[in-house]
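Each remark here refers to the structure printed beneath this line.
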Amino acid sequence: MQESSKQAVLQYLRTRSFRSVLDAPSGNAWLPRALGGTAEMDGVDLYVDGRAHYRRFWRHDLDEGLPEDSSGYDAACCCEGLAYLGNPLALLRHFFRSLSPEGFLVITTPNVWYPQARLQFWWRGFFPSFPPLADRIKPGTPMHI
């Protein structure tokens with residue numbers, strides 16, 4: 001995830017009130033480190049073990065939705081995660097289920113519309129944040145779909 005996207009998420013979160021956050025996928029756990037303990041953070045990821053940075057952590061495949069016992073969050077963040085899923089709508093429904101009635105969801109996705117991305121696609125055949133998959137698919141490695 002680009003640093004500018006991280007800063008935009010943090011800037012938005014600083015304008016909101018919340019006590020508990022679900023970070024899915026949690027990746028390298030940048031979000032709890034950046035928020036610095038201002039909220040209870042739970043994380044979900046299939047490939048990275050982030051237990052050290054979260055109150056609760058699930059190693060779980062987000063293509064199957066969220067873990068059953070993940071609920072009651074004031075906020076949920078899905079940063080650069082939807083591009084890895086075969087059925088992102090199922091995960092979005094699970095996020096809705098996991099939020100408290102006043103909860104909110106923050107989603108970021110790679111921006112394939114900015115000029116540099118379009119030029120790279122034209123020149124190389126793939127977007128900057130989506131590397132080519134030919135001969136690179138390995139079980140247990142996250143890949144954009």
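Values quoted throughout were computed directly from the atomic coordinates according to the rules given, and no laboratory measurement underlies them. Computed from a predicted structure; not experimentally measured. Please note: Cβ atoms are built from the backbone with ideal geometry, for glycine as well, and neighbour counts cover all protein chains shown.
Could you give the length gained on full extension between R59 and A8, defined as 0.36 nm per residue of separation minus the Cα-Cα distance, in nm? The partial results should precede the final answer.
Working: separation 51, 0.36 × 51 = 18.36 nm, distance 2.68 nm.
Extra length from R59 to A8 when fully extended: 15.7 nm.
Sketch the reach of a paramagnetic label on R97 as a point 7 Å from Cα along Cα-to-Cβ, and name the residues of region 49-76 whose backbone nitrogen lies under 11 Å away.
Answer for region 49-76: 64-71.
When the chain is fully extended, how far beyond the present Cα-Cα distance does W123 get from L89, taking 0.36 nm per residue of separation?
9.1 nm
For the pair D49/L105, report the inter-label distance in nm, with labels modelled 7 Å from Cα in the Cβ direction.
3.0
Taking H placed 1.01 Å from N in the peptide plane, check which residues at least 5 places from S100 or on another chain put their amide H under 5 Å from its amide H.
Hits under the 5 Å cutoff: G72, Y73, D74.
How much net charge surrounds T38 when only other residues with a Cβ under 15 Å from its Cβ are counted (Lys, Arg +1; Asp, Glu -1)?
+1
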